[in-house]
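Here the structure comes first, spelled out in structure tokens, and everything after it is commentary.
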Amino acid sequence: MLIAGPTAPAQAVTYGTPTIALSASYLSGAVGATGDPVVNVTVGQSGADASALTVSASASSKASVAGTGDVTVTGAGAVRQLAVTARGRGYTNLTVKVAGLGGKSATKTLYYAASAAVQNPADARYLTGSADASAAVDVGGGYAVVADDESNVLRLYDRSRSGAPVKTWDFSSQLGVSKEVDIEGATRIGNTIYWTGSLGNNKDGEYKAPRNTVFTTTVSGSGSGTQLVYGRSYKKLRDDLVAWDQANGNRYGFAAGTADGEAPKQIDGFNVEGLEFAPGSTTTAYLGFRAPLAPAVPGGKALLVPVTNFDQVLASGAKAVFGAGVELDLGGLAVRDIRKNAAGQYLILAGSWAADDNSDPYALYQWDGVAGHAPVKRADLPTTDPGGWEAIAEVPDLTAAGARVQLVTDSGSADLYGDGTEAKDLTHPEWKKARAAWFTLNP
């Protein structure tokens with residue numbers, strides 16, 4: 001007869017120190033925002049299933065910006081999602097903690113910044129990573145490539161969501177420049193996107209050669225799968241414009257506006273901010289000027305200059321050929337962007353020529369692209385702080401009732417978080433952001 005011996009005692013499980021990692025250490029939100037970015041929190045512990053770990057967050061500095069009750073953690077397993085609902089404008093530090101088994105835990109600090117509430121927050125999205133958005137081109141699937149006038153980086157964003165770019169491209173080396181091109185306008189024909197610098201002096205009135213640049217990129221794919229490849233560039237368009245204006249009696253004062261010491265953003269300055277092709281054409285493109293107005297007096301008209309061989313300027317380096325200037329009554333405002341849709345309907349984003357124009361009016365005008373035909377105002381836009389309206393993401397069907405258009409701000413000079421720091425000077429790119437907002441056009 002066999003007699004069972006005593007049962008061996010179960011060995012105690014030894015748990016390691018939990019691990020915690022954040023997908024970003026810096027996070028930006030906005031008071032009242034819809035769909036602010038989230039942070040992924042990845043946790044683990046040796047000897048334990050990740051689903052048994054608890055993740056929490058608490059305010060460790062300024063609860064008036066975001067407190068413990070304003071942080072939500074969702075998900076299970078090794079990766080959780082942490083979202084913050086901003087309570088007020090400013091900065092705060094949040095302590096993110098993973099509580100493991102065996103009484104062990106670990107923490108990380110999340111540095112959070114919240115910008116102020118805006119009008120119609122449900123229609124606002126925030127494109128992080130850069131504050132100086134200056135041009136946008138739709139690439140399908142709700143995505144757009146957005147340029148920055150403080151760098152040569154092009155960024156691909158999901159237009160429906162707040163957050164970081166999906167992809168980035170920096171073509172500085174292919175362009176042969178180490179400073180910013182000051183990209184201000186863009187348009188697409190087929191699989192080619194054309195980009196233009198401002199062509200003007202810098203804010204101190206100094207000539208900087210990289211700004212006298214237009215270039216192309218070739219698009220493949222669409223949506224989140226979009227890819228860009230550098231094409232060609234041309235670096236004499238400003239010179240061609242000045243020579244053309246001089247040969248035609250200096251009507252627009254381009255030589256004076258580009259002279260040494262002349263700031264670009266004044267009523268008789270020189271600054272390009274719009275680019276779009278003429279109706280039914282793949283060769284003639286309109287350059288839209290923020291300055292000068294035409295003629296250069298208060299209440300003057302906005303100026304477009306047609307480049308009749310724009311395709312060849314980029315394809316072969318041909319000297320630019322120009323048509324007669326197109327002068328448009330935009331209520332004393334200048335061109336900040338001009339775009340058209342597949343039906344040939346144009347939308348012009350109009351704003352001030354001034355350098356500091358956050359308090360000046362903005363408006364949207366519909367136009368048929370034909371010189372001599374008057375544009376029609378479709379919407380007055382609210383002045384915006386942070387930033388100024390700078391880019392049209394895509395032109396809707398302008399005949400449709402309730403047509404809505406998404407615009408993007410250049411917020412580089414804005415004080416986003418109330419500490420007196422301009423957004424372009426923020427140390428952490430995750431805190432830099434431009435705002436995209438939807439507007440309904442008037443009938």
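The values are calculated or read from the model by the stated rules, or taken from the named source; none is laboratory data. No experiment lies behind these values; they were computed from the predicted model shown. Heads up, the Cβs are rebuilt from the backbone with ideal geometry, glycines too, and the neighbour counts pull from every protein chain shown. These area figures cover heavy atoms from the full protein model, side chains too; ligands, DNA and RNA do not enter into them. Shrake-Rupley method; radii C 1.70, N 1.55, O 1.52, S 1.80 Å.
A few points about this structure:
- Where a residue in the stretch 160-180 is part of a loop (DSSP other than H, G, I, E, B) and open to solvent by 60 Å² or more (accessible area, probe 1.4 Å) and its partner, wherever it lies, is of a type in the set (A, V, I, L, M) and modelled with pLDDT of 95 or more, with Cβ under 7 Å and at least six apart: 166/156
- Qualifying residue in the stretch 193-201 (condition: part of a loop (DSSP other than H, G, I, E, B), open to solvent by 20 Å² or more (accessible area, probe 1.4 Å) and in contact with a Lys or Arg (Cβ under 6 Å, 6 or more places away or on another chain)): no
- Applying a threshold of 7 Å to beta carbon distances and a minimum spacing of six or more residues, or different chains, the list of pairs starting in the stretch 238-256 at a residue that is of a type outside the set (Phe, Trp, Tyr) and ending at one that is in a helix (DSSP H, G or I) and open to solvent by 60 Å² or more (accessible area, probe 1.4 Å) reads 255/246.
- Matching option when the condition is buried (at least 20 other Cβ atoms within 10 Å of the Cβ) and free of Cβ contacts under 8 Å to residues at least 40 places away in the same chain, among 148, 132: 148
- Taken residue by residue, the stretch 86-98 has no member that is open to solvent by 60 Å² or more (accessible area, probe 1.4 Å) and of a type in the set (S, T, N, Q).
- For residue 262, the requirement of being out of contact with any Leu (no Cβ under 6 Å at 6 or more places or on another chain), under 17 Å from residue 193 (Cβ atoms) and either in contact (Cβ under 8 Å) with a residue 40 or more places away in the chain or open to solvent by less than 10 Å² (accessible area, probe 1.4 Å) (or both) is not met.
- Options 288, 351, 332, 372; residue that is more than 25 Å from residue 203 (Cα to Cα) and either modelled with pLDDT under 95 or not charged (D, E, K, R) (or both): 372
- Single residue of the stretch 409-443 satisfying the filter (touching a helix residue (DSSP H, G or I) at 6+ places or on another chain (Cβ under 8 Å) and of a type in the set (Lys, Arg)) that is least open to solvent (accessible area, probe 1.4 Å): 433
- Pick from the stretch 231-252, criterion touching a strand residue (DSSP E or B) at 6+ places or on another chain (Cβ under 7 Å) and closer than 17 Å to residue 311 by Cβ, ranking: most open to solvent (accessible area, probe 1.4 Å): 232
- Spans of strands (runs of 3 or more DSSP E) in the stretch 62-140 with at least 3 residues under 17 Å from residue 393 (Cβ atoms) and not β-branched (Val, Ile, Thr): 124-128, 133-140
- Within the stretch 56-85, being open to solvent by 60 Å² or more (accessible area, probe 1.4 Å), small (Gly, Ala, Ser) and touching a residue at least 24 places away in the same chain (Cβ under 8 Å) holds for 60, 61, 64, 76.
- Residue list for the stretch 202-218, filter: in a strand (DSSP E or B), among the β-branched types (Val, Ile, Thr) and open to solvent by less than 10 Å² (accessible area, probe 1.4 Å): 214, 217
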